[in-house]
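We did not get these values from a lab; they are worked out from the coordinates using the rules stated. Fair warning: this is a prediction, and the values are worked out from it, not measured in the lab. Backbone-built Cβ (ideal geometry, glycine too); neighbour counts: all protein chains shown.
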Number of protein chains: 2
Amino acid sequence: MAKSSIIGIDLGGTNLKCALLDGNLKIKAKNYFSTKSFDNKFKLIQGIADSINSFISLHGISRNAVLGVGIGLPGPVDTFKGMVHFLPNIPGWREVGLKKILERKTALPVFIDNDAKLMALAEYRAGQAKKFKNALCLTLGTGVGGGLIINGSLYRGSDNAAGEIGHVPINEKGPHCPCGGSACLEAYIGNARILKEARKLFGPRITLEKISVLAKANNARAIGFWVKVGERLGIALSGVINLLNLDAVVIGGGVSDAGKALFESVRKTIGLRAMSVQAKRVKIFKARLGNDAGIIGAGYLVRERQVR
Amino acid sequence: MAKSSIIGIDLGGTNLKCALLDGNLKIKAKNYFSTKSFDNKFKLIQGIADSINSFISLHGISRNAVLGVGIGLPGPVDTFKGMVHFLPNIPGWREVGLKKILERKTALPVFIDNDAKLMALAEYRAGQAKKFKNALCLTLGTGVGGGLIINGSLYRGSDNAAGEIGHVPINEKGPHCPCGGSACLEAYIGNARILKEARKLFGPRITLEKISVLAKANNARAIGFWVKVGERLGIALSGVINLLNLDAVVIGGGVSDAGKALFESVRKTIGLRAMSVQAKRVKIFKARLGNDAGIIGAGYLVRERQVR
C-alpha cells in the first residue's frame, strides 16, 4: 500500500501545532495547543505523542499508511541523531533524544529539525522561494531565525547550525545579545527590542500590530519606525547577499506583516549597500506559507528523509 | 596519449604569473612579468598568449599533451562564458571575451575564473582547507577577496559573484567603500586603509611588512595595530560563521604574514562574538600555498572543467 499520510508538527514557544498532511502535503486536519499548558518536558512530549496517536485513531488511518512524523523545534537540533540540544524559550530541554522517545510512543518513524530550517524548506519547495536555487528564508519574531537554500538544497552547515542571520553583527560595538555575542541583528530587531523602542515612541500600550496598522494608514512616526527596522535588516542582508550572491530573500514571522514600509526600506538599503551584481540579482519577498510553513516544512523533512 | 600538462596563470594588479604544471599540478616552470609593463589590454592579452606559447615551445611539449590553460583574474568573471566583466585594478577591461581570444591565439582550451575563487579551490584541494567540507578562504591585500567551499565544492552563487567577505558591513555607518557601499570590512582593513592608519601611528615611511616585523619583536604598538585589524576581521567572520557554520577559515594574502598578533586577535574575537557551536567548530588557518595558490587553483579549474 502507498504510504500517503504524513504528520507535521511545529513546536513553538507559544503554540504546539499538529497537522495531518496528505501525500501532496495539503493539510487535512490541524490541532493547536498552548505550549505552556504542558507543565514540563515529559508532559509536553506525551502531549505530542497523544496528538499523533489521536490523528491515527480519529481519522481511521493505518499506521502502515503513514510515511512518518516530522517535527520542527525552536532551537539547535541534531537532525540525524534525532537529538534536541536545547530550546532557548522552553525550559527543561537539554540533550533530549526526542526521535527515539516518540518512535517508541507512536510506532512511527520520526524526524526532527530546527523550525527555521523547516520554514526555509517549505518556502523553497512550495512557497515564495520555489525555483530559486540560492535563497535565505528568515523569520522575524521573538528571535530572528533563518534557513539557507544553497544550490537547491537546505544547507545545514557542519553541525546543522547554519542559517543564523539573527546573529550577524551589524556594528563593532552594540547591545549584548542572549547568544553571548553583541551587536547581533536580533539584538536590534528582535520583537522584545523593537517593542521597547516602540513604547518609548508610542506609549506603554502600543503593540507591534498596532504600529503596522498605523504605518499602513500613513502615520509618519509608524512608517519611520518600520523604516529603521528595515534599514538594520537591510544592512545585515547586504553582507549576506554580497557573500552568497542569492536569488531571493524570503521574510516571514509576525514582523513581516508590517507591510510596505518595512519591505521598501529593506530593498532600498540593499540597493544602497550591496554590490551591484548581487543587488540586481536578489529579490526580496514576504513569506507565502505564513503560520503553516513550519508544519509543511516538517512534512517535506519526512519526504526527504524517508525512503518510500 | 594522456594529457599530462596544464598551464596555470594568475593575473594580478602587480604581477602576471605563468606556470607550467604537471599532471599532479606540481609547478615545473614559472615566469613572472610586471602587469604594468604591458601598456594596454591588447598587449597584456598578447603577453599572456606569448607566455603560453613559449612554455609549449621551450619545453618541447605537444599541444595535444596540454589539458588546458587556467587563468585567475582580479575581478568579476563569467567563468562559463569565459567573459571578464571588469578588473577594478587594471584599467581598460570591460566585457572582454578572454577565453575565446586566447583559444584562438594558442589553439588550447582556456578556462577563466575570479582569482579569490581559484585561491579557495587550491587551498581546498591541496592546501590548508583540505578535507574541510565547508570553508571560507580569504585574501587580505589591496582588496579583501574570498571564496567559499560549501558541501565540498566551490560555491559560486547565482552570478559567480559569491565570496565577497570584503564587502560584509561591520557597522551601520562607516567609511565609503569603492564597491558603492559603506562600512564594508575592506573599507577598514584593505591595505590602503590600514597603511594610512599605520602612517599616523608610525610615521610616513612605515610599511605593513615593517609593522609585522615589529610585532614579532614584541613592539606593543605594532601588536596593538594588528590586534585592531584582527578584531575587525573577527567581527565580520563571526557573522559569516554564525550564518554558515563553517569548518575552517583560511587567511592568505600579504597581510596574513602579520603573524600571531593578527591570528590570535581573530580567534579571540570569534570566541567572544560567534555562537558557541559555530565558534567551537571553526578552525582559523593561515593559507598554505602562498603566492602559488592562484596558479595551482587555475590548474584545478582546468581539471574540474575539462573532461580528459
**Request:** Would you please put A:244-251, B:14-21 in order of how densely packed they are, using the mean number of other Cβ atoms within 10 angstrom per residue and starting with the highest?
**Result:** A:244-251, B:14-21
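Which whole number gives the average count of other chain Cβ atoms within 10 Å of the Cβ atoms across peptide A:146-156?
Partner-chain Cβ atoms within 10 Å, mean over residues of A:146-156: 3.
Mind checking A:264-272 for the average number of partner chain beta-carbons within 10 Å of each residue's beta-carbon? Kindly include the intermediate steps, with their values, before the conclusion.
Working: counts 0, 0, 0, 0, 0, 1, 1, 1, 3.
For this peptide, the per-residue mean of nearby foreign Cβ atoms is 1.
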**Asked** Relative to the other copies, what are the label-point distances for B:ASN219, with labels 7 Å from Cα along the C-beta vector, expressed in nm at one decimal and sorted shortest first?
**Response** 5.9
**Asked** Between A:HIS167, A:TYR155, A:VAL277, whose Cα lies farthest towards the positive end of the dipole of the range A:131-288 when Lys and Arg beta carbons carry +1 and Asp and Glu beta carbons carry -1, centred on the Cα centre?
**Response** A:VAL277
**Message:** Under 5 Å between amide hydrogens, which residues at least 5 positions from A:GLY253 or on another chain qualify, with H placed 1.01 Å from N in the peptide plane?
**Reply:** A:LEU140
**Message:** As a footprinting exposure proxy, order A:LYS286, A:LYS36 by other Cβ within 10 Å, with the fewest listed first.
**Reply:** A:LYS36, A:LYS286
**Asked** To one decimal in nm, how far is B:ALA29 from the same spot in the other copies, if labels go 7 Å from Cα toward Cβ? Please give the shortest first.
**Response** 7.8
**Asked** Measuring label to label, 7 Å along Cα→Cβ, what does A:PRO175 give against each other copy in nm, shortest first?
**Response** 3.0
**Request:** Run a plain Debye calculation on the range B:192-308 (Cα atoms as equal point scatterers, no solvent) and give log10 I(q)/I(0) at q = 0.12, 0.13 Å⁻¹, rounded to two decimals, same order as the q list.
**Result:** -0.53, -0.61
**Asked** Karplus couplings for the range A:206-211 from phi (6.51 cos²θ - 1.76 cosθ + 1.60, θ = phi - 60°), rounded to Hz, Gly and Pro as x?
**Response** 5, 10, 5, 4, 5, 5
**Item:** Shielding by other protein chains, A:126-135, mean Cβ within 10 Å
**Value:** 1
**Complete:** Note on chain B, DSSP bridge orientation, antiparallel percent to nearest 5 equals 60 percent
**Message:** Can you compute the charge dipole magnitude of the range A:131-288 about its Cα centre, using +1 on each Lys and Arg Cβ and -1 on each Asp and Glu Cβ, nothing else charged? Give it in debye, rounded to the nearest 20.
**Reply:** 540 debye
**Request:** Treat every Asp and Glu Cβ in the range B:52-184 as -1 and every Lys and Arg Cβ as +1, leave all other atoms uncharged, and give the resulting dipole magnitude about the Cα centre to the nearest 20 debye.
**Result:** 420 debye
**Message:** Cβ neighbours within 10 Å, averaged per peptide: list B:87-93, A:298-304 in order, most packed at the top.
**Reply:** A:298-304, B:87-93
**Request:** Mind putting a number on the dipole of the protein assembly as shown about its Cα centre? Charges go on the C-beta only, +1 for Lys and Arg and -1 for Asp and Glu, and I need it in Debye to the nearest 20.
**Result:** 0 debye
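Run the numbers for B:SER57 and B:SER276: contour at 0.36 nm per residue of separation, minus the present Cα-Cα distance, in nm.
73.2 nm
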**DSSP bridge orientation in the protein assembly as shown - percent antiparallel, rounded to nearest 5** = 60 percent
**Request:** Kindly express, to the nearest 10 degrees and within the range 0 to 90, the angle between helix A:115-126's C-alpha long axis and the longest C-alpha principal axis of chain A.
**Result:** 90 degrees
